[in-house]
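I have placed the structure first, in the form of structure tokens, so that the comments after it can refer back to it.
Nothing in this text is a laboratory measurement; each read-out follows from the coordinates by a stated rule. Just so it is clear, the model here is predicted, and its values are computed rather than measured. Positions of Cβ are generated from backbone atoms using ideal geometry, with glycine treated the same way; all protein chains shown enter the neighbour counts.
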Amino acid sequence: MKKVVIVGFGFMGLSHSISILKNPGLKLAAVVDRNIRNIEKKLASQTGNFSTGNITMESLAGVSLVSDFDRSLTEIDSDAYCICVHTDLHYEMAKKAMLAGKHVFLEKPICLDIRQGEELLSIAKRENVIFLVGQVVRFMPPYIKLRQWITSEEFGLLKFLSLSRFAGVPLWGEWKEKQLMFGSTGGALFDLVMHDIDYVQSVLGRPDSVKSTVIPGRLSNYDYVSAFWKYDRSGLIVRIEGGNTFHSNFPFQAGYAAVFEKASIMYSSLQPEFITITTDTELNRVEAGDAGEGFSAEIAYFAACIEDNIPPLLCTPESALETIRICYDHA
């Protein structure tokens with residue numbers, strides 16, 4: 001059983017803690033958070049774009065609660081770190097954990113500085129540690145099904161693909177503070193829309209051209225994005241749109257619409273139970289699966305990688321860094 005330390009006990013830290021507690025191959029060794037004394041308050045106000053379950057103080061019995069990240073590296077017996085802090089701390093913390101010989105699961109985005117991302121990749125290889133970036137959409141059942149339909153050509157060739165992802169401006173946790181540090185998170189482009197950018201590049205590769213419009217919001221100059229990707233050889237056009245320029249209580253929504261030669265397919269998190277498949281004469285619905293299972297699936301994959309000491313193939317850190325390069329094409 002591999003012992004994992006969670007760093008950052010906000011929405012994602014809570015979500016990954018739940019997955020670790022449920023995984024038979026992992027043990028939650030510690031939670032590190034600078035406001036660890038307020039952990040009960042955090043548990044009482046669990047928030048985020050959608051629920052992945054709940055966690056209680058009772059479920060943390062026997063788990064070390066630590067406020068100092070550096071001290072945790074030397075004092076906590078652990079195999080791996082799951083780092084769920086804001087983007088501007090990713091490089092520093094991931095680097096320290098790797099140099100301490102820890103496997104690292106790093107929440108997306110890997111980091112905003114390409115050179116820092118390249119350095120993390122080099123350190124992971126040199127220290128022989130597993131490095132996985134949490135590009136969770138790749139692990140979500142509705143998006144896995146779409147990938148399968150694209151690669152199998154069950155409905156013929158893909159002709160057009162549209163993906164969208166919208167949310168209200170986040171005000172939970174430390175997000176209010178981040179409004180005072182304009183641009184430090186990369187805004188919706190790097191924190192929200194990049195999910196779809198990452199998904200498409202993982203399925204179809206880098207586009208030959210990107211035409212993008214961005215609008216500033218409360219967090220950055222890139223809090224709304226509308227982009228068209230073009231693949232010259234196939235003529236395929238992909239549209240990616242999303243942002244968090246809306247008021248905070250605007251409901252989170254994400255989905256896709258795909259046109260194949262033989263059918264059109266649609267999925268929305270507002271109707272998450274099914275995927276709609278239409279032809280000129282028929283309309284059918286298939287079970288979508290629970291998108292929330294993507295969080296437990298990516299942690300289970302990380303657990304398998306560190307157990308077998310095999311670098312990730314489903315979501316390589318090189319691919320995660322390529323996503324950041326493509327994000328800059330939109331800015």
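Extension gain for the segment Asp77 to Gln148, taken as residue separation times 0.36 nm less the Cα-Cα distance, is 21.5 nm to one decimal. Our compactness index for the chain, the C-alpha radius of gyration over the empirical 2.2 N^0.38 Å, is 0.99. Across the stretch 195-216, the residues whose backbone nitrogen lies under 20 Å from the label position 7 Å along the beta-carbon direction of Asp232 are 201, 204-212. Calculate the length of the line joining the C-alpha centroid of the stretch 190-223 to that of the stretch 1-21, in whole Å. If you average the Cα positions of each part, the centres end up 27 Å apart. Each Cα pair under 8 Å and six or more residues apart adds its separation to the average, and for the stretch 1-144 the resulting relative contact order is 23 percent. Summary of the geometry: the stretch 262-312 and the stretch 89-153, compared by the centres of their Cα atoms, lie 20 Å apart. In the stretch 141-291, the alpha-carbon atoms span a convex hull of 116 Å³ per residue.
Relative contact order for the chain: 19 percent, from Cα pairs under 8 Å spaced at least 6 residues apart, divided by residue count.
In order along the stretch 16-21, the phi-based Karplus estimate (6.51 cos²θ - 1.76 cosθ + 1.60, θ = phi - 60°) of 3J(HN,Hα) comes to 6, 4, 4, 5, 5, 4 Hz; Gly and Pro are listed as x.
Rounded, prolate or oblate for the stretch 197-284? Axes are the square roots of the Cα gyration tensor eigenvalues, ordered a ≥ b ≥ c, and the cut-off for rounded is a/c under 1.5. Since a/c reaches 1.5 but b/c is at least a/b, the shape of the stretch 197-284 is classed as oblate. Computed from backbone phi with θ = phi - 60° and the Karplus coefficients 6.51, -1.76 and 1.60, the 3J(HN,Hα) list for the stretch 279-292 is 10, 5, 10, 9, 9, 10, 10, 10, 4, 8, x, 8, 4, x Hz; x is used for glycine and proline. Based on alpha carbons, the Rg and Dmax found for the stretch 2-133 are 14.2, 42 Å.
Distance distribution note for the stretch 72-189: the fraction of Cα pairs above 18 angstrom is 64%.
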